[in-house]
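Student: Below is one structure. I have some questions about it.
The values are calculated or read from the model by the stated rules, or taken from the named source; none is laboratory data. Everything quoted here is computed from the prediction, not taken from an experiment. Methodologically, a virtual Cβ is constructed for each residue, glycine included, from the backbone with ideal geometry; neighbour enumeration extends over all protein chains shown. Accessible surface areas use protein heavy atoms only, side chains included; no ligands, DNA or RNA. Shrake-Rupley method; radii C 1.70, N 1.55, O 1.52, S 1.80 Å.
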Amino acid sequence: MDFVIEYYSEEVEERILALPDSLAARYVVLTRRMTAVGANLGSPHSEAFGDGLFELRLKGAEGIARVFFCTLIGRRIVMLHSFIKKSQKTPPREIEVARKRMKEVKHANS
């Protein structure tokens, strides 16, 4: 049985699909793999942030992007937030947005 990818909102889906071409292509490749084998792609493709929050690490000709996601019971992967990375460290504000959305999603599904 395959995994299913869902989005926190239409806006999140639109922002991810509007990433620059090479980043969007990388997203498609990695999410296809996620639907087949699950969310844990391992380094360098994904990274755990603790408490069930993960990031998908996208690298392309136009730069670097991150997509935060969590998993839910029933083989569901929910994309929570995305941004284009401009500094070495992930900005705390981006992590907080993802954590807040993850809490909402998990609360709604409990």
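Student: Could you state how much accessible area Glu10 has, in square angstrom rounded to the nearest 10, with a 1.4 Å probe and all protein chains kept in place?
Tutor: Surface open to solvent at Glu10 totals about 140 Å².
Student: Taking the full set of protein chains and a 1.4 angstrom probe, give the accessible area of Asp51 in square angstrom, rounded to the nearest 10.
Tutor: Surface open to solvent at Asp51 totals about 130 Å².
Student: With a 1.4 Å probe and every protein chain left in place, tell me how much accessible area Tyr27 has, in Å² to the nearest 10.
Tutor: 10
Student: Find how many whole Å separate the alpha carbon centroid of region 1-52 from the alpha carbon centroid of region 57-110.
Tutor: 9
Student: In nm, give the distance between the simple-model label positions of Lys106 and Gln88, each being 7 Å from the Cα along the Cα-to-Cβ direction.
Tutor: About 3.0 nm separates the two model spin labels.
Student: What part of the accessible area of the chain, given as a whole %, is carbon or sulfur when the probe is 1.4 angstrom?
Tutor: 52
Student: Under a point spin-label approximation (7 Å from Cα along Cα-to-Cβ), what is the Ala48-Glu6 distance to one decimal in nm?
Tutor: Using points 7 Å along Cα→Cβ, the separation is 2.3 nm.
Student: Still on this model: Fully extended, how many nm does the chain gain between Glu62 and Arg75 (0.36 nm per residue separation, minus their Cα-Cα distance)? Intermediate results must be reported in sequence, preceding the final value.
Tutor: Numbers: separation 13, 0.36 × 13 = 4.68 nm, distance 3.17 nm.
Separation in residues times 0.36 nm, less the Cα-Cα distance, equals 1.5 nm.
Student: Hey, what's region 1-107 come to in accessible area per residue, 1.4 Å probe, Å²?
Tutor: 58
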